[in-house]
Amino acid sequence: MPKIDIEEELDLALALEEPSMFKVLLHNDDYTSMDFVVEVLIGIFHKSQAQSEEIMLQIHDKGKAICGVYTFEIAQTKAQQVKQKAKQNEFPLLATIEEDN
């Protein structure tokens with residue numbers, strides 16, 4: 001039976017990389033109300049009222065804004081939750097994800 005070097009195993013464990021992170025962005029459109037965007041930011045992204053209003057204005061002024069940075073699975077889930085909530089409320093609000101460099 002081969003002898004296992006414990007230090008070698010520890011080195012392998014420490015070599016694990018941090019997971020890639022992804023930005024969730026909301027995009028401006030001509031139909032989604034500002035109040036609804038604030039509601040999404042509070043409900044899905046757990047932002048405060050003040051943070052939500054600030055991000056909503058960035059979306060309005062710049063065309064899009066980052067709502068949060070998460071692991072891929074969480075970012076994908078958040079974008080899907082936005083899509084569902086927007087559809088239920090008949091808004092075309094778009095959420096996309098991009099790798100955070």
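Just so it is clear, none of the values below were taken in a lab; they were calculated from the coordinates. Not measured: the values here are computed from a predicted model. Positions of Cβ are generated from backbone atoms using ideal geometry, with glycine treated the same way; all protein chains shown enter the neighbour counts.
Using the Cβ of residue 46 as centre and a radius below 13 Å, the other residues enclosed give a net charge of +1, where K and R count +1 and D and E count -1.
Inter-label distance, residue 21 to residue 69: 0.3 nm, where each label sits 7 Å from its Cα along the C-beta direction.
Overall, the chain carries a charge dipole of about 620 debye about its Cα centre when +1 sits on the Cβ of Lys and Arg and -1 on the Cβ of Asp and Glu, all other atoms neutral. A cut-off of 5 Å between modelled amide H atoms, ignoring neighbours fewer than 5 places along the same chain, links residue 71 with 22. Mean residue ellipticity at 222 nm, helices only, the chain: -15500 deg cm²/dmol; runs of at least 4 DSSP H residues each add -39,500 (n - 2.57), and the sum is divided by the number of residues.
Among 82, 68, 45, pick out the residue whose Cα is farthest towards the positive end of the charge dipole of the chain, where Lys and Arg carry +1 and Asp and Glu carry -1 on C-beta, about the Cα centre. Checked the options; the winner is 82. Net charge in the neighbourhood of residue 70 (other residues with Cβ under 12 Å of its Cβ; Lys, Arg +1, Asp, Glu -1) is -2. Kirkwood radius for segment 31-99, taken over all pairs of different Cα atoms as the inverse mean of 1/r, rounds to 12.1 Å. Database remark: amide H of residue 94 closer than 5 angstrom to the amide H of 27 (H placed geometrically; neighbours at sequence offset of 5 or more, or on other chains; Pro and chain starts carry no H). Excluding residues fewer than 8 places away in the same chain, name every one of the lysines whose C-alpha is closer than 27 Å to that of residue 47. Partners found: 23, 62, 64, 78, 83, 85, 87.
Count Lys and Arg as plus one, Asp and Glu as minus one, and take only other residues whose Cβ is under 14 Å from that of residue 24; the net charge is then +2.
Based on Cα contacts under 8 Å between residues 6+ apart, the chain shows a relative contact order of 41 percent.
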